[in-house]
Amino acid sequence: MKTSDFYYDLPEDLIAQNPVEPRDSSRLLVYDKKADKVEHKIFRDIYDILTDNDVLVINNTRVIPARLYGIKRETGAKIEILLLKRLSLTEYEALAKPGKKVPVGTIIDFSPNLYAKVVADIEEIAGKKVELCVKEGTLEAELDRIGEMPLPPYIKEKLKNKERYQTVYSKIPGSSAAPTAGLHFTDELIKKLKDKGVIFEEVLLEVGLGTFRPVQVESIENHHMHSEEIVVTEEVAKRLNEYKKQGKRIIAVGTTSVRTLESASIKKGEIEAVKKNTNIFIYPGYEFKFVDAIITNFHLPESTLIMLISAFVGREKTLEIYNKAVEEKYRFFSFGDSMFLQ
């Protein structure tokens, strides 16, 4: 399959620049595979769709303020660093811009209290291994103070409230992008769904380059996914396997939850507890082992994420749905509207 097989035309004015308020007032496109039917709703209407036979699997990762702006100590040149993956207490895999100006040994000052030293090149991602050094206090506190949320480049507006790029259930810091399908949930909606009998289970995928790296090869089979850490605990795996045996519907909230569950699958209908890196790449032809339905946002043309959705509902149907969403003027990408594919 070619990367261009997953292209669709999107007017720029449909790229959402700001999140809607309240979170659950975004629009929801519902597609029923069996009936081959599309419906247009509001996200909070998901309360009427879900039942006590449904299990929502959410990614409880928390985005770190991973974008840092500094100056090269030696020359005063401006440098931008995007932290991708934590390797140790102080070391990160990162992207540097402009990368050519930061060879190994470069020191970048971000504030009087924080600087980074480039300790290695990472050729696989054209990135850097950096060691962050904080003089006083904790690294986390300093990142919170001076770091910016790593919004995608297609969002031009400045984010006024950092928490709007976090899910309300985010817990474990470590991601360089939000699992955006979860941004539509409010605490109130979650409580209502739980009161109705809908079950929530938490897994973890630390969102990094694997999720948002563009496909740069003509044949998608030649694309290499960058690895990201996933965690499914023993208790969660045990409960999810039991729910599956009971015939409950496993609904992944976001493509990161899909990739976590499918990476943890050991056979059709069964997963195991894991703490590992995954580079799973799901595209048409993939047979889903554990996920029954997906809540997701609208993704970039030719991205690995639209390929994953195409694996779930079919490439032609996916493009048909996307073109319908364009026609109906849905809002696209991270701060945009959502889909429920069942």
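None of the figures in this text is laboratory data; all of them are computed from the coordinates on show. Note that this is a predicted model, so its numbers are computed, not measured. Methodologically, a virtual Cβ is constructed for each residue, glycine included, from the backbone with ideal geometry; neighbour enumeration extends over all protein chains shown.
Summary of values
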item	result
Of all residues making up the range 278-293, the number that are of a type in the set (Gly, Ala, Ser) and in contact with a Lys or Arg (Cβ under 8 Å, 6 or more places away or on another chain)	1
Residue satisfying all of: in the range 324-341; aliphatic (A, V, I, L, M) and part of a helix (DSSP H, G or I); surrounded by the fewest Cβ atoms within 10 Å (Cβ to Cβ) among these	Val326
Any hit, the range 137-150, residues being in a loop (DSSP other than H, G, I, E, B) and within 27 Å of Ile294 (Cβ to Cβ)	yes
Scan of the range 161-188 for residues that are surrounded by fewer than 23 Cβ atoms within 10 Å (Cβ to Cβ) and part of a helix (DSSP H, G or I), ordered by number	Lys162, Glu163, Arg164, Tyr165, Asp187, Glu188
Qualifying position, being closer than 30 Å to Lys128 by Cα and surrounded by 15 or more Cβ atoms within 10 Å (Cβ to Cβ), among Glu262, Glu218	Glu262
Of all residues making up the range 169-202, the number that are within 25 Å of Asp144 (Cβ to Cβ) and in contact (Cβ under 8 Å) with a residue 40 or more places away in the chain	19
Total residues in the range 189-210, condition in a helix (DSSP H, G or I) and either farther than 15 Å from Thr256 by Cβ or out of contact with any Leu (no Cβ under 9 Å at 6 or more places or on another chain) (or both)	9
Residue match in the range 309-323 (condition: aliphatic (A, V, I, L, M) and assigned to a strand (DSSP E or B))	no
Flag if Ile58 is assigned to a strand (DSSP E or B) and within 16 Å of the chain's Cα centre (by Cα)	yes
Per-region count, the range 253-294, residues in contact (Cβ under 8 Å) with a residue 24 or more places away in the chain and part of a strand (DSSP E or B)	11
Residues of the range 115-138 satisfying the condition of being surrounded by fewer than 16 Cβ atoms within 10 Å (Cβ to Cβ), of a type in the set (A, V, I, L, M, F, W, C) and over 23 Å from the mean Cα position of the chain (by Cα)	Val119, Ala120, Cys133
